Amino acid sequence: MGRVLAYRILAGSLGAFCLLGGAFLFAAFFRYQTPHSEPPLPTGPWGHYLGAMAGCALIAWGGGLVGVARRPETGRALATASALALTGMALYRMLAWVIGDYYAVAGDLLRVEAGLFLVLALGFVWLRPAADAGQEGIP
């Protein structure tokens with residue numbers, strides 16, 4: 001499998017996951033507002049409010065990744081930004097695991113997630129398009 005195809009698969013699959021996760025978080029806010037409903041997330045009103053905001057950001061990130069999967073030559077900057085975001089997500093999970101309060105709730109899931117996010121970040125760094133990709137015909 002070529003680098004460009006692997007990059008397209010990575011960007012497209014993570015983009016689709018972000019779109020679905022973002023749509024869920026956005027919809028969860030409205031579901032929480034429905035009278036006599038069971039909260040979709042184990043948080044209060046501020047948790048659902050912040051979840052909806054994160055959902056909107058995930059929709060934007062996912063849309064960008066799907067666009068890059070269609071035209072990989074446009075995605076060098078998004079690959080770097082995605083790698084930074086995934087590294088940040090891994091770092092705070094590692095810190096949460098060390099603190100101990102989160103370990104009591106999530107167990108080793110935090111370490112597994114941190115490892116997965118770091119592998120995805122490395123994929124974006126290793127597979128991102130070359131700096132001169134898509135520059136043909138531009139003076």
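From (1) outside the structural domain of Gly2 (by TED's automatic domain parsing); (2) surrounded by 15 or more Cβ atoms within 10 Å (Cβ to Cβ), pick out the condition that doesn't hold for Tyr92.
(2)
Restricting to helices (runs of 4 or more DSSP H) lying wholly in region 44-139: which have 3 or more residues that are modelled with pLDDT of 90 or more and within 17 Å of the chain's Cα centre (by Cα)? Give the steps one after another, and end with the answer.
Working: elements: 45-70, 76-99, 101-106, 109-127.
Answer list for region 44-139: 45-70, 76-99, 109-127.
Is it the case that Ser37 is in a loop (DSSP other than H, G, I, E, B) and out of contact with any Asp or Glu (no Cβ under 9 Å at 6 or more places or on another chain)?
Working: in a loop (DSSP other than H, G, I, E, B): yes; out of contact with any Asp or Glu (no Cβ under 9 Å at 6 or more places or on another chain): yes.
Here the answer is yes, as Ser37 does meet what is asked.
Does Val66 fit the bill of being among the β-branched types (Val, Ile, Thr), free of Cβ contacts under 8 Å to residues at least 60 places away in the same chain and under 22 Å from Val125 (Cα atoms)?
Numbers: among the β-branched types (Val, Ile, Thr): yes; free of Cβ contacts under 8 Å to residues at least 60 places away in the same chain: yes; under 22 Å from Val125 (Cα atoms): yes.
Answer is yes for this residue.
Any idea which residue in region 1-44 is surrounded by the most Cβ atoms within 10 Å (Cβ to Cβ), counting only those that are β-branched (Val, Ile, Thr) and more than 28 Å from Gly123 (Cα to Cα)?
Once the filter is applied, the top-ranked residue is Thr43.
The values are calculated or read from the model by the stated rules, or taken from the named source; none is laboratory data. Just so we're clear, the structure is a prediction, and the values are computed from it rather than from any experiment. Every residue, glycine among them, receives a Cβ derived from its backbone with ideal geometry; neighbour counts consider all protein chains shown.
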